[in-house]
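Heads up, the thing below is written out as structure tokens.
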Amino acid sequence: MKAQIARIEDHQAIFVYAALALCAAIFAFYGYFLNSAIRNVIARQNVEGQMSAIRVSQSSLESNYVALKDSVTLDSAKTLGFAEANDTLFINAEGPSKTALSYNDR
């Protein structure tokens, strides 16, 4: 009878140690995944800040482009050396023809 009680106590001790090891593993995984989640939130906030700065820069560039595009006139183009095209050429959309542009005309 005493041997059976000793055996039961040994099994209880093994069960308690296994339960404690399982709890320790669960807490370790919880800490790891919590740390990972916090790092991902911080990284997302940094990326959102960068995206906001890029949007501001893009808006500024677009407004500069519109201002420059609207400032170009025929007179300003002529002062820069541009000339009006007298001959208008059209490209055939059906396929290659003799007027197609190519660097392989050797």
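Laboratory data are not the source of any read-out in this text; all were calculated from the coordinates shown. Note that the coordinates shown come from a computational prediction; the quantities given were computed from them, not determined experimentally.
In terms of the Cα gyration tensor, with a ≥ b ≥ c the square roots of its eigenvalues, is segment 2-66 rounded because a/c is under 1.5, prolate because a/b exceeds b/c, or oblate?
Working: a/c = 16.98, a/b = 12.52, b/c = 1.36.
It comes out prolate by the Cα gyration axes.
Taking θ as phi - 60°, what are the ³J(HN,Hα) couplings along segment 20-36 by the Karplus curve (6.51, -1.76, 1.60), each to the nearest whole Hz, with x for Gly and Pro?
5, 5, 5, 4, 4, 5, 4, 5, 5, 5, 4, x, 5, 5, 5, 4, 4
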